[in-house]
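A.B. asks: Below are the structure tokens for one structure; questions will follow.
The values are calculated or read from the model by the stated rules, or taken from the named source; none is laboratory data. This one's a predicted model, so the numbers in the text were calculated from it and none came from an experiment. Every residue, glycine among them, receives a Cβ derived from its backbone with ideal geometry; neighbour counts consider all protein chains shown. Accessible surface areas use protein heavy atoms only, side chains included; no ligands, DNA or RNA. Shrake-Rupley method; radii C 1.70, N 1.55, O 1.52, S 1.80 Å.
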Number of protein chains: 2
Amino acid sequence: MKLSKAEEEVMNHLWHLKKATAKELIEAYEDPKPAITTIATLLKRMQDKKFVDYLQKGRSREYFPLVKKQEYFSKHVNGLIKNFFNDSASQFASFFTQETNLSKKELQELKAIIDSEIKKK
Amino acid sequence: MKLSKAEEEVMNHLWHLKKATAKELIEAYEDPKPAITTIATLLKRMQDKKFVDYLQKGRSREYFPLVKKQEYFSKHVNGLIKNFFNDSASQFASFFTQETNLSKKELQELKAIIDSEIKKK
DNA sequence: TTTAATATTCTACAAATGTAGAATTAATTT
DNA sequence: AAATTAATTCTACATTTGTAGAATATTAAA
């Protein structure tokens, strides 16, 4: 199961805030902010899909993520890789490295990360 | 503008084949293959969106991509990065490196690519 | 407690998507 | 030429998505 675009945006705010009410989520949006009922609808759908749950706090609900960004995202990336790069992560990686505009500094950082990953193997 | 999931799949086959008729595209699918009318619908929608065009070849049409995979994909990735990593490609990169299961060999290749990218800067 | 404010749910609806049968057109074979 | 086959277009329809007003319930303020 996957979140829709609009749901992903909610989720993203929620990951960031860790937990939040509908109202707080709206605040996280840029203008033009969506109607609160829109957020409510999305949250309900997300709950159906088991991506969030909530705790009743006073009169309102405090939603929280049921999946970690990492988890969600790694699945997402894997789908992407499968879809576009015939399941070759390294093909994707090299593409990525060449196409995104990483600065020299960022590339060096990335290299360091890769080095430490290599050491782990 | 973006392609839908199903359209992306057609596009992917098309990038691979370079050019193809609806029929040839279907062959590229795994079972259960979609109906040819489904492919036709998708191709027409993709044409409306200016992602493909065709040349009439005898009785049928030979479709070809109007956008390069690279182009399409780099936009796509950038959207993804923006969406999930607050526009930080390096954040995405390090995530990616740690989350996907690249082998030692692949990591070393990646490192080499990064090195050559660093040199270019 | 009447009223006002707030939160949540219902209902709605247009647009996009996935999917494909029916109809039509064009070419090929009898 | 008539019948068959193949390609393309039309039409259709169920789902999913984005969006939010109307209705309802709950709580706080007057």
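A.B. asks: Working only within the range A:66-94, note down all residues that are within 7 Å of another protein chain (Cβ to nearest Cβ) and of a type in the set (Phe, Trp, Tyr).
C.D. replies: Within the range A:66-94, A:Phe73, A:Phe84 qualify.
A.B. asks: Check off (1) in contact with a helix residue (DSSP H, G or I) (Cβ under 9 Å, 6 or more places away or on another chain); (2) of a type in the set (Lys, Arg); (3) not in a loop (DSSP other than H, G, I, E, B) for A:Lys82 and give me the number that stays unchecked.
C.D. replies: Here A:Lys82 clears every test but (1).
A.B. asks: Would you mind finding the one in B:Asp48, B:Asp115, B:Asp53 that is open to solvent by less than 70 Å² (accessible area, probe 1.4 Å), among the charged types (D, E, K, R), more than 24 Å from A:Thr100 (Cα to Cα) and more than 16 Å from the chain's Cα centre (by Cα)?
C.D. replies: B:Asp53
A.B. asks: What do you reckon, is B:His13 within 14 Å of chain A (Cβ to nearest Cβ), within 30 Å of A:Ala112 (Cα to Cα) and within 16 Å of DNA strand D (Cβ to nearest atom)?
C.D. replies: No.
A.B. asks: For the range B:29-74, name all the residues that are in a helix (DSSP H, G or I), touching a residue at least 12 places away in the same chain (Cβ under 8 Å) and under 30 Å from B:Ser90 (Cα atoms).
C.D. replies: B:Lys69, B:Tyr72
A.B. asks: Among the numbered criteria (1) surrounded by 13 or more Cβ atoms within 10 Å (Cβ to Cβ); (2) within 16 Å of DNA strand D (Cβ to nearest atom), which one does A:Met1 miss?
C.D. replies: Among (1) surrounded by 13 or more Cβ atoms within 10 Å (Cβ to Cβ); (2) within 16 Å of DNA strand D (Cβ to nearest atom), the lone unmet condition for A:Met1 is (1).
A.B. asks: Here is a further query. Please find, within the range A:16-28, the residue that is nearest to DNA strand D (Cβ to nearest atom) out of those that are part of a helix (DSSP H, G or I) and open to solvent by less than 30 Å² (accessible area, probe 1.4 Å).
C.D. replies: A:Ile26
A.B. asks: Ok, one more. Being more than 7 Å from every other protein chain (Cβ to nearest Cβ), part of a helix (DSSP H, G or I) and modelled with pLDDT under 85 is the filter here, so list the residues in the range A:96-121 that pass it.
C.D. replies: A:Lys120
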